[in-house]
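S.K.: Okay, handing you the structure first.
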Amino acid sequence: MKTILTTSPGEAADFIRRGGIVAFPTETVYGLGANIFDERAIRKVFTAKQRPNDNPLIAHVGNVEQIKLLVSEITPNALKFIEAFFPAPLTLILPKAEKVPSAATANLQTVGVRMPKNDLALEFLRACETPIAAPSANLSGKPSSTTWQAVFEDLNGGIDCILQGATTAIGLESTVVDCTSSVPLILRTGAITLEQLQAIEPKTQIYNHSKNEPPKSPGLRHRHYSPHAKVVLINPKSKIQNPKSEAFIGLNKPCEKFELVKICASVEEYAHAFFDFFRECDRKNIKTIYCETVEETGIGLALMDRLKRAAVD
Ligand code: TXA
Ligand code: MG
């Protein structure tokens with residue numbers, strides 16, 4: 001398959017109308033989209049990404065009205081979050097409408113809905129005139145794509161089109177909140193923080209799944225965000241012996257000489273940079289990436305979640 005590169009949201013939307021699959025930018029990471037009501041197109045997304053089919057996709061909308069096409073109920077907490085945040089790096093899990101194909105939701109009776117805060121994404125979604133099911137546009141298990149070039153690296157030849165936008169503004173995936181019960185549960189941390197959600201609904205909690213029950217978010221079961229290189233978390237004061245073919249990313253300049261170093265001015269910049277840094281390390285055949293740990297508050301919580309999962313062997 002030839003993958004067409006375009007900067008035109010209208011041209012990209014034409015591929016969706018013809019049953020194709022299209023990578024597009026959002027404010028978090030690039031997504032790989034299909035018409036949510038087109039089961040064949042949904043299956044193409046799973047194939048192109050080599051994604052396990054028990055991992056549901058998020059439904060992206062170009063306006064709040066479209067949410068009604070996807071869900072059987074907008075719960076009171078969801079309504080509060082929509083009013084407070086949308087468009088935002090925030091995905092709300094709600095009971096699904098019957099006509100949303102179970103291929104998109106991995107047989108769950110719920111669906112995640114999100115309206116991205118990115119002009120090109122919104123233009124594309126509006127041009128599609130249908131909600132778009134989209135996981136992150138990377139091969140399953142690999143670091144998410146924050147640039148169209150990263151999408152190209154993973155998916156060229158396997159998808160119909162890449163809508164070329166800028167580097168994504170945030171760089172890690174949306175906060176996922178289960179809004180199906182009266183206590184909103186954060187299933188995946190992201191740029192919309194626990195503190196921000198609690199300011200709207202104080203009962204909001206971070207979901208800690210017990211070993212005896214299946215995780216509420218199937219994605220939590222799967223290996224994630226892994227570069228080929230080994231990822232090792234270190235605290236700001238650690239010393240590394242003899243760094244060779246090794247890289248470092250963090251906030252504080254290390255004393256050692258690494259082959260590749262990225263010093264970030266803030267936790268936000270770190271969150272924005274690390275997926276791309278992982279990919280650069282793989283291109284340079286780095287063997288080990290040392291990642292400095294940060295305080296687990298605000299977006300630091302989401303960054304540490306991704307780093308810890310990348311560090312699992
Ligand atoms: O920022 C983002 O969310 C990006 C952009 C493209 O929007 N998308 C993204 O999709 O990260 P993906 O597929 O890589 O991650 C979706 C996560 C997975 O962990 C999945 O299990 C969870 O959301 N999820 C989706 N639908 C769900 C549902 N109905 N119930 C529970 N978890 C769900
Ligand atoms: Mg993903």
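S.K.: Condition test on PHE15, is it away from ligand 1 (no atom under 15 Å from the Cβ), over 25 Å from THR146 (Cβ atoms) and surrounded by 16 or more Cβ atoms within 10 Å (Cβ to Cβ)?
M.R.: Working: away from ligand 1 (no atom under 15 Å from the Cβ): yes; over 25 Å from THR146 (Cβ atoms): no; surrounded by 16 or more Cβ atoms within 10 Å (Cβ to Cβ): yes.
In short, no.
S.K.: Moving on. If you take the residues in segment 276-294 that are out of contact with any Leu (no Cβ under 9 Å at 6 or more places or on another chain) and more than 14 Å from SER245 (Cα to Cα), which one is surrounded by the fewest Cβ atoms within 10 Å (Cβ to Cβ)? Spell out the reasoning first.
M.R.: Kept after step one, since they are out of contact with any Leu (no Cβ under 9 Å at 6 or more places or on another chain), are these residues of segment 276-294: 276, 278-279, 282-283, 285, 287-288.
Pick out the ones that are also more than 14 Å from SER245 (Cα to Cα) and you get 276, 279.
Numbers: ASP276: 20, ARG279: 23.
By that ranking, first place goes to ASP276.
S.K.: Same structure again: How about segment 271-313: which of its residues are in contact with a His (Cβ under 6 Å, 6 or more places away or on another chain) and closer than 21 Å to THR167 by Cα? Lay out the reasoning, then the answer.
M.R.: Of the residues in segment 271-313, the ones in contact with a His (Cβ under 6 Å, 6 or more places away or on another chain) are 282, 309.
Within segment 271-313, ASP282 is the sole residue that qualifies.
S.K.: Regarding ASN107, is this residue surrounded by fewer than 24 Cβ atoms within 10 Å (Cβ to Cβ), of a type in the set (S, T, N, Q) and over 20 Å from MET1 (Cβ atoms)? Please lay out each step first, then the result.
M.R.: Working: surrounded by fewer than 24 Cβ atoms within 10 Å (Cβ to Cβ): yes; of a type in the set (S, T, N, Q): yes; over 20 Å from MET1 (Cβ atoms): yes.
It is true that ASN107 is surrounded by fewer than 24 Cβ atoms within 10 Å (Cβ to Cβ), of a type in the set (S, T, N, Q) and over 20 Å from MET1 (Cβ atoms).
S.K.: Need the failing condition index for GLU153 against (1) touching a Gly at 6+ places or on another chain (Cβ under 9 Å); (2) within 28 Å of HIS228 (Cβ to Cβ); (3) charged (D, E, K, R), just the number.
M.R.: Going through (1) touching a Gly at 6+ places or on another chain (Cβ under 9 Å); (2) within 28 Å of HIS228 (Cβ to Cβ); (3) charged (D, E, K, R) one by one, GLU153 breaks only (1).
S.K.: Among the residues that make up segment 37-48, is at least one of them within 16 Å of ALA150 (Cβ to Cβ) and more than 9 Å from ligand 1 (Cβ to nearest atom)? Break it down into steps so the answer makes sense when it comes.
M.R.: Within segment 37-48, the first condition is being within 16 Å of ALA150 (Cβ to Cβ), and the residues that meet it are 48.
Cutting the leftovers down to more than 9 Å from ligand 1 (Cβ to nearest atom) gives us 48.
Within segment 37-48, one or more residues are within 16 Å of ALA150 (Cβ to Cβ) and more than 9 Å from ligand 1 (Cβ to nearest atom).
S.K.: Take LEU70 and decide whether it is touching a residue at least 60 places away in the same chain (Cβ under 8 Å) and within 15 Å of the chain's Cα centre (by Cα).
M.R.: no
S.K.: Which count do you get for residues in segment 274-313 that are under 19 Å from GLN196 (Cα atoms) and small (Gly, Ala, Ser)? Show your work before the answer.
M.R.: Residues of segment 274-313 that are under 19 Å from GLN196 (Cα atoms), as a first pass: 295-305.
Pick out the ones that are also small (Gly, Ala, Ser) and you get 298, 300, 302.
Residues in segment 274-313 being under 19 Å from GLN196 (Cα atoms) and small (Gly, Ala, Ser): 3 in total.
S.K.: So which of GLU195, GLU259 ends up being loosely packed, with under 13 Cβ neighbours inside 10 Å, at pLDDT 80 or above and of a type in the set (Asp, Glu)? Please lay out each step first, then the result.
M.R.: On the way: GLU259 fails: loosely packed, with under 13 Cβ neighbours inside 10 Å.
That would be GLU195, the only listed residue that is loosely packed, with under 13 Cβ neighbours inside 10 Å, at pLDDT 80 or above and of a type in the set (Asp, Glu).
S.K.: Regarding THR28, is this residue buried (at least 19 other Cβ atoms within 10 Å of the Cβ), out of contact with any helix residue (DSSP H, G or I) (no Cβ under 7 Å at 6 or more places or on another chain) and of a type in the set (S, T, N, Q)?
M.R.: Numbers: buried (at least 19 other Cβ atoms within 10 Å of the Cβ): yes; out of contact with any helix residue (DSSP H, G or I) (no Cβ under 7 Å at 6 or more places or on another chain): yes; of a type in the set (S, T, N, Q): yes.
Judged against the criteria, THR28 is a match.
S.K.: Considering segment 38-64 alone, what residues qualify as being of a type in the set (Gly, Ala, Ser), in contact with a Gly (Cβ under 8 Å, 6 or more places away or on another chain) and over 14 Å from THR91 (Cβ atoms)?
M.R.: Filtering segment 38-64 down to residues of a type in the set (Gly, Ala, Ser) leaves 41, 48, 59, 62.
Narrowing the set further to residues that are in contact with a Gly (Cβ under 8 Å, 6 or more places away or on another chain) leaves 41, 48, 59.
Scanning segment 38-64 gives ALA41, ALA48.
S.K.: Tell me, yes or no, whether segment 219-238 has at least one residue that is part of a loop (DSSP other than H, G, I, E, B), touching a Phe, Trp or Tyr at 6+ places or on another chain (Cβ under 6 Å) and either at positive phi or modelled with pLDDT under 95 (or both). Steps first, please.
M.R.: First pass over segment 219-238, keeping only residues part of a loop (DSSP other than H, G, I, E, B): 222-229, 235-238.
Now drop any that are not touching a Phe, Trp or Tyr at 6+ places or on another chain (Cβ under 6 Å), which leaves 227.
If we keep only those that are either at positive phi or modelled with pLDDT under 95 (or both) too, we end up with 227.
Yes, the conditions are met somewhere in segment 219-238.
S.K.: Related question: Quick one: LEU307 ticks every box in (1) within 19 Å of the chain's Cα centre (by Cα); (2) over 22 Å from ALA137 (Cβ atoms) bar one, so which box is it?
M.R.: (2)
S.K.: Moving on. Go through ALA84, ALA134 for me and flag whichever is among the aliphatic types (A, V, I, L, M), more than 10 Å from ligand 1 (Cβ to nearest atom) and in contact (Cβ under 8 Å) with a residue 40 or more places away in the chain.
M.R.: Values: ALA134 fails: more than 10 Å from ligand 1 (Cβ to nearest atom).
None of the others qualify; the one that does is ALA84.
S.K.: May I ask you to list the residues in segment 46-57 that are closer than 16 Å to ASN107 by Cβ and surrounded by 14 or more Cβ atoms within 10 Å (Cβ to Cβ)? Give the steps one after another, and end with the answer.
M.R.: So in segment 46-57, the residues closer than 16 Å to ASN107 by Cβ come out as 46, 51-57.
Listed by number, the residues that qualify are PHE46, ARG51, PRO52, ASN55, PRO56, LEU57.
S.K.: Among the residues that make up segment 147-157, is at least one of them within 17 Å of the chain's Cα centre (by Cα), within 11 Å of ligand 1 (Cβ to nearest atom) and either modelled with pLDDT under 95 or of a type in the set (Gly, Ala, Ser) (or both)?
M.R.: No, the conditions are met nowhere in segment 147-157.
S.K.: Working carefully through the options PRO56, PRO52, find the one that is within 13 Å of ligand 2 (Cβ to nearest atom), part of a loop (DSSP other than H, G, I, E, B) and over 19 Å from SER174 (Cα atoms).
M.R.: Working: PRO56 fails: over 19 Å from SER174 (Cα atoms).
Sole residue among the options that is within 13 Å of ligand 2 (Cβ to nearest atom), part of a loop (DSSP other than H, G, I, E, B) and over 19 Å from SER174 (Cα atoms): PRO52.
The values are calculated or read from the model by the stated rules, or taken from the named source; none is laboratory data. No experiment lies behind these values; they were computed from the predicted model shown. Methodologically, a virtual Cβ is constructed for each residue, glycine included, from the backbone with ideal geometry; neighbour enumeration extends over all protein chains shown.
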